[in-house]
Amino acid sequence: MTEKDFSSVSYTTLKEEGVVTYSSPSNIALVKYWGKRENQIPANPSISFTLDACTTKTKVHYKKKNNKNGEFSFDFLFEGEEKEEFKPKIKTFLKRIERYLPFLKDYHFVINTSNTFPHSSGIASSASGMSALALCFMQMERSFVENMTMEYFNRKGSFLSRLGSGSACRSIEGPLVQWGESKVIEGSSNLYGIKYPYDVHPIYDNYHDTILLVDKGEKQVSSSVGHELMHGHPYAVNRFAQAGTNLDKLKAVFSSGNLVDFISIVESEALTLHAMMMTSSPYFILMKPNTLSIINSIWKFREQSKTHVCFTLDAGANVHVLYPESEKDVVFPFIKEKLVPFCQNGQYICDRIGLGAKKL
Ligand code: PMV
């Protein structure tokens, strides 16, 4: 599908008012997206596990406006309370997606949203938040047209989510979603994420992600700034090529279930992401001392226990601990005893691979 496919919808009816609700998960990248061009076009392909427990629930009441004043009109509530400070972000999102959803200025919206994960846990809520809102608008659009295929709904939902936050486009479906043009993935696109189209070994069924909340504070450097710093970065060209190679290698790892190779790709991707931050100009470090203590403990335990526990990181200090269902009885007690003490206030989230967004 091309960009044009997402702007040429003709509506049969525009309802007076209604309510739509979606729950959409967060995701954790295995091959990381870091660096972009205009309009959230990724500099390299990425792939992620869709999560299950970390979700945003968004309910949108919409009502046709009496006076069409050519402005966006909405109230925004987070966990039941009006949040003025979130409104500029939503407005920017509405501006970016208006050309694909031309009805947006005809309505007043009341957007009610909440997260299942603790507020300011350092878990990025932009992927789940932007995708949940995009899907509410898609559900509206679906009710304005005669027939909309599930494929179109998911593709456009992902396309719109991308315009809110790049990685959000990987939250619509599950369990594995790939985004960004790649010669090795048929149907891949820079415009939206697709459900990974090849065989996946059952070892990845129910794969666990225990998220260790090392630092719940606001990040010193936002993802947007981090992406920006990849322009002119001395290692950018090689890094973007490496992501493509790692995606290619993962293809074999997904079909064979070779967890040793899985670990070496996933951990290398996490450390490379942070290496890019540390070698940007200006440079910055998002890991904390406890992030490193956790990584070292995981390496030591993996060696001793002969399990396949590994880690990945997003753009922050928190650690995602990944392990197969078949090893949970050995790995989880280790996490609780040895890793949770490194978490801020002992906080962690038990998540696992999930199937994507749900209409409520
Ligand atoms: O979607 P953004 O712009 O917040 O960027 C997310 C980038 C990483 O989480 C670090 C990597 C990824 O692919 O999700």
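Phi angles across region 90-99 convert, under the Karplus curve 6.51 cos²θ - 1.76 cosθ + 1.60 with θ = phi - 60°, into 3J(HN,Hα) values of 5, 5, 4, 4, 4, 4, 5, 9, 4, 5 Hz, Gly and Pro given as x. Compared with the rule-of-thumb size 2.2 N^0.38 Å for a compact globular protein, region 133-267 has a Cα radius of gyration ratio of 1.22. To the nearest 10, the accessible area of Glu16 is 120 Å² with a 1.4 Å probe. For Lys328, the accessible area of its heavy atoms, probed at 1.4 Å with every protein chain present, is near 70 square angstrom.
Per-residue accessible area (protein heavy atoms, 1.4 Å probe) orders Arg302, Arg99 as Arg99, Arg302, starting from the largest.
Measuring nothing but how far apart in sequence close Cα pairs (under 8 Å, 6+ apart) lie, relative to its length, region 229-360 scores a relative contact order of 19 percent. Annotation: amide H-H contacts under 5 Å for Ala357 (H modelled 1.01 Å from N, sequence separation of 5 or more, or interchain): Glu173. With N the number of residues in the chain, Rg(Cα) / (2.2 N^0.38 Å) evaluates to 0.99. Note that region 216-226 has calculated 3J(HN,Hα) couplings of 8, x, 4, 5, 6, 10, 6, 4, 4, 5, x Hz, one per residue in order, obtained from phi through the Karplus relation 6.51 cos²θ - 1.76 cosθ + 1.60 (θ = phi - 60°); glycine and proline are x.
Using a 1.4 angstrom probe on the protein heavy atoms only, line up Arg352, Arg239, Arg155 by accessible area, largest first.
Output order, biggest surface exposure first: Arg352, Arg155, Arg239.
Charging the Cβ of each Asp and Glu at -1 and of each Lys and Arg at +1, and nothing else, the dipole of region 226-360 about its Cα centre rounds to 180 debye.
Round to a whole number: what % of the accessible area of the chain belongs to carbon and sulfur, probe 1.4 Å? Ligands and nucleic acids excluded, carbon and sulfur reach 50 percent.
Its relative contact order, with pairs defined as Cα atoms under 8 Å and 6+ residues apart, puts region 1-157 at 31 percent. With only Cα atoms counted, region 279-357 has Rg and Dmax values of 13.9, 44 Å. Rolling a 1.4 Å probe over the heavy atoms of the protein chains gives the chain an accessible area of 44 Å² per residue. Between Tyr11 and Lys65, the simple label model (points 7 Å from Cα in the Cβ direction) yields a spacing of 1.3 nm.
In the chain, taking the dipole from charged Cβ atoms about the Cα centre, the farthest positive-side position among His274, Ser8, Cys54 is held by Ser8. Residues whose amide H falls under 5 Å from that of Lys65, counting only those 5 or more places apart or on a different chain, are Tyr107, His108, with hydrogens built in the peptide plane. Its Cα centre serving as origin, the chain has a Cβ charge dipole (Lys and Arg +1, Asp and Glu -1) of approximately 560 debye.
Remark: accessible surface ordering of Glu146, Glu228, Glu267 (largest first) is Glu146, Glu228, Glu267, probe radius 1.4 Å. Near Asp351, the amide H atoms lying under 5 Å from its own belong to Asp209, Thr210, Ile211; only residues 5 or more places off or on other chains count, and H is placed 1.01 Å from N. Entry note, the chain: relative contact order of 24 percent, from Cα contacts under 8 Å with a spacing of 6+ residues.
In this Cβ point-charge picture (+1 for Lys and Arg, -1 for Asp and Glu), region 247-326 has a dipole of about 160 debye about its Cα centre. A simple rule links phi to the HN-Hα coupling: the Karplus curve 6.51 cos²θ - 1.76 cosθ + 1.60 with θ = phi - 60°, which for region 276-288 gives 5, 5, 6, 10, 6, 10, x, 7, 7, 10, 9, 6, 10 Hz, with x for Gly and Pro.
Toward the positive end of the charge dipole of the chain, with +1 on the Cβ of Lys and Arg and -1 on the Cβ of Asp and Glu, the farthest Cα among Val321, Phe78, Asn27 is that of Phe78. In the chain, the longest principal axis of the Cα atoms and the axis of helix 236-256 are about 80 degrees apart.
The values are calculated or read from the model by the stated rules, or taken from the named source; none is laboratory data. The shown structure was predicted, so the numbers you read here are calculated from the model rather than taken from an experiment. Cβ atoms come from the backbone with ideal geometry, glycine included; neighbour counts cover every protein chain shown. To get the accessible areas, we keep the full protein, side chains included, count just its heavy atoms, and leave off ligands, DNA and RNA. Shrake-Rupley method; radii C 1.70, N 1.55, O 1.52, S 1.80 Å.
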